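Asker: To start, I am sharing the structure in question, which I have written as structure tokens.
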Amino acid sequence: MQTTRSTRTVAAATAIAALAAAAALVGCASPASAPAADYDAELAAMMKASFHDRGIATVDRLVQDASDAACSQAMGQPLPAALAERLQQEAAATVRPPADGRYIGDWRAGEKLAQNGRGMTWTDKSAAPADNGANCYNCHQLAPQEISFGTIGPSLYGYGKQRGVTDLASATAKPIIEYTWAKLYNAKSYNACSGMPRFGAHRLLDDRQMADVMALLLDPQSPVNR
């Protein structure tokens, strides 16, 4: 009985060793014989197969522009300086001043836009900017009276006050006003991988709405700066 068990044990060990050797050979051979998987292509195909047009939400939203593609490939790491600079310059070239020259609107209307998260979903009937909100509180703190706000973006409480804006018509306020407009219009002008909506470049808000959000951020009478 002991001899039989020993024989079986040896036979089993030999079989296991043979299987292990075969697996090792297959493992060694597979990198040379099998082409490397193109995961980017597989992901793109999966996304294309998983989504379809519905209402105003169409699959062309899945198409990445140059900055989105570069930032996706970077996977959270900084872009090469030359690439980041080129993408930011391209974004800056899309920025347009308000058609009527009016950068500052009504902060009260701006607060309503900041609170409004509606727009651009498949249930919305129109993609017109007038039907969209700015949804600012989803990512930022603004007026101190609103205690429900996101933190993915920096606090904007005191935005104008901290930058010394006391007179919106002054020469000293002009560069801050123009910077803020450009940031709202296309945030990638200053950060190639910014996740902030490109309100002007993507026609999410019109000039009047953007001027109202500007007022919320910069007007000394706005609760943001009180």
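Any read-out appearing in this document is the output of simple, stated calculations on the displayed coordinates, not a laboratory observation. The structure presented is a predicted model; accordingly, all values stated were derived computationally and were not measured. Reconstructed Cβ throughout: ideal geometry from the backbone, glycine too, with neighbour counts over all protein chains shown.
Asker: What percent do you get for the relative contact order of region 127-226 when only Cα pairs under 8 Å and 6+ apart count?
Answerer: With pairs under 8 Å counted, the relative contact order is 32 percent.
Asker: Only four residue types carry charge here, +1 at the Cβ of Lys and Arg and -1 at the Cβ of Asp and Glu. Report the dipole size of region 70-150 about the Cα centre in Debye, rounded to the nearest 20.
Answerer: 80
Asker: Within 10 Å, count the other beta carbons around each residue, average over each peptide in 129-138, 169-178, and list them highest first.
Answerer: 129-138, 169-178
Asker: What FRET efficiency, computed as 1/(1 + (r/R0)^6) with R0 = 30 Å and r the Cβ-Cβ distance, is obtained for residue 106 and residue 61, rounded to the nearest 0.05?
Answerer: About 0.45, to the nearest 0.05.
Asker: Right, next: I'd like the distance separating the alpha-carbon centroids of region 30-84 and region 120-176, in whole Å.
Answerer: For region 30-84 versus region 120-176, the Cα centre distance is 30 Å.
Asker: Mind giving me the FRET efficiency for residue 171 and residue 96? R0 is 35 Å, r the Cβ-Cβ distance, nearest 0.05 is fine.
Answerer: That pair, residue 171 with residue 96, gives E of 0.95.
Asker: Positive end of the charge dipole of region 121-185 (Lys, Arg +1 and Asp, Glu -1 on Cβ, about the Cα centre): tell me which of 185, 127, 148 has its Cα farthest that way.
Answerer: Of 185, 127, 148, it is 185.
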